[in-house]
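The values are calculated or read from the model by the stated rules, or taken from the named source; none is laboratory data. Everything numeric here is computed off the predicted structure, so don't read it as measured data. Cβ atoms come from the backbone with ideal geometry, glycine included; neighbour counts cover every protein chain shown.
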Amino acid sequence: MELTSLKTKCDAAIREIETVILGKTETVRLLLAALLCNGHVLIEDIPGVGKTMLARSVAKVLGCSFKRIQFTPDLLPADITGTTLFNQRTSQFEFREGPVFANIVLADEVNRATPKTQSALLECMEEVQVSADGVTYPLPKPFFVIATENNVELQGTYPLPEAQLDRFWMRLAVGYPDHSDEIAILTSQESHHPIQDLKPVLSLADVLEMQETVRKVFIDPKVKAYIVDIVRASRVHPQVALGASPRGSLCLMHASKALAAMEGRDYVLPDHVKTLAPAVLCHRLILRPDARVRDVTTAQVVADILESTQVPVSV
């Protein structure tokens with residue numbers, strides 16, 4: 001696919017999604033970037049700001065198969081991946097696919113399930129397959145997980161450990177709409193919900209072709225060194241107990257290539273790296289106890305790292 005065509009299709013998808021999710025262009029853009037580089041996204045925010053609606057809108061616009069899993073404390077791993085049942089008619093055991101067998105999977109309120117159930121989903125994200133009774137079943141491609149969690153509710157939840165958070169390429173937030181956008185939301189939903197009017201802008205073949213195009217985007221060795229400098233700085237920062245791993249470097253590189261392609265560029269700029277660094281790195285850092293006591297946030301740490309890391313020139 002030509003980059004100009006990729007940009008046109010991405011812009012059309014964003015415009016269509018924004019008929020439902022108003023005023024959140026940057027969040028939608030980063031979500032699509034994660035999809036184009038075969039990543040997964042955790043949307044963490046307060047209740048009622050449109051996390052689930054954003055995931056549903058993206059799935060509908062992309063024209064891919066979609067399944068929603070409501071995570072609850074009694075949810076079992078087999079409820080996600082599927083289970084093997086005995087068919088009395090054929091006298092054979094058959095595997096019944098779970099809801100994870102879809103192109104786009106919404107894991108709603110993922111932190112309400114037990115760690116064992118969370119791990120079942122995260123294994124699918126990492127391996128893009130399901131293993132049951134010694135048999136491996138590949139998941140459909142593309143395979144994109146959008147997980148949501150409320151960051152203000154602690155009772156009855158099982159927060160994702162840092163090692164599991166690291167499996168998500170990005171952590172995004174929706175946030176409150178501004179005054180004019182909130183008025184527009186009230187107006188658009190006065191008689192019916194605008195998601196009913198959403199139409200597919202892309203097809204499954206389009207998404208796969210776009211993902212292949214993103215892999216071919218050029219990244220200069222200087223920009224690769226810039227990414228590594230940022231990630232390595234997170235490991236020695238005085239307020240960080242545990243910095244980002246090489247997986248963080250890989251995610252930042254591939255996401256930057258996706259963002260460049262969405263702009264119609266065939267090469268990555270340092271600005272793409274700077275734009276994506278907070279979404280890719282913040283959830284991968286563990287702060288020191290004294291930093292947490294002083295209410296230091298990982299976003300502040302990443303901003304400090306970006307400010308102090310030398311940006312390559314002549315790229």
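Some points to look at:
- Filter pass, Val20 being within 16 Å of Ile195 (Cα to Cα), touching a residue at least 40 places away in the same chain (Cβ under 8 Å) and not acidic (Asp, Glu): yes
- Search result, residues across the range 208-238 that are buried (at least 18 other Cβ atoms within 10 Å of the Cβ) and in a loop (DSSP other than H, G, I, E, B): Val217, Ile219, His237
- The range 66-93 residues that are assigned by TED's automatic domain parsing to the domain that holds Glu149 and free of Cβ contacts under 8 Å to residues at least 40 places away in the same chain, paired with ones that are polar (S, T, N, Q) and part of a strand (DSSP E or B) (beta carbon under 8 Å, 6 or more apart): Phe86/Gln92
- Selection within the range 33-44 - more than 11 Å from Val145 (Cα to Cα) and in contact with a helix residue (DSSP H, G or I) (Cβ under 6 Å, 6 or more places away or on another chain): Ala33, Leu36, Cys37
- The listed residue being touching a residue at least 24 places away in the same chain (Cβ under 8 Å) and either more than 15 Å from His40 (Cα to Cα) or surrounded by 14 or more Cβ atoms within 10 Å (Cβ to Cβ) (or both), out of Glu123, Glu97: Glu97
- Note on the range 28-63: among residues that are surrounded by 23 or more Cβ atoms within 10 Å (Cβ to Cβ) and part of a strand (DSSP E or B), the one that is nearest to the chain's Cα centre (by Cα) is Val41.
- Residue within the range 66-78 that is crowded, with 18+ Cβ neighbours inside 10 Å and among the acidic types (Asp, Glu) present: no
- If the condition is being farther than 23 Å from Asn103 by Cβ and under 19 Å from the mean Cα position of the chain (by Cα), then the range 166-213 contributes Asp166, Ala173, Gly175.
- Count - residues of the range 135-171 that are more than 20 Å from Leu287 (Cα to Cα) and modelled with pLDDT of 85 or more: 14
- Within the range 181-207, restricting attention to residues that are hydroxyl-bearing (Ser, Thr, Tyr) and in contact (Cβ under 8 Å) with a residue 40 or more places away in the chain, the residue that is surrounded by the fewest Cβ atoms within 10 Å (Cβ to Cβ) is Ser203.
- Qualifying positions in the range 187-203 - modelled with pLDDT of 90 or more and either assigned to a helix (DSSP H, G or I) or outside the structural domain of Cys10 (by TED's automatic domain parsing) (or both): Thr187
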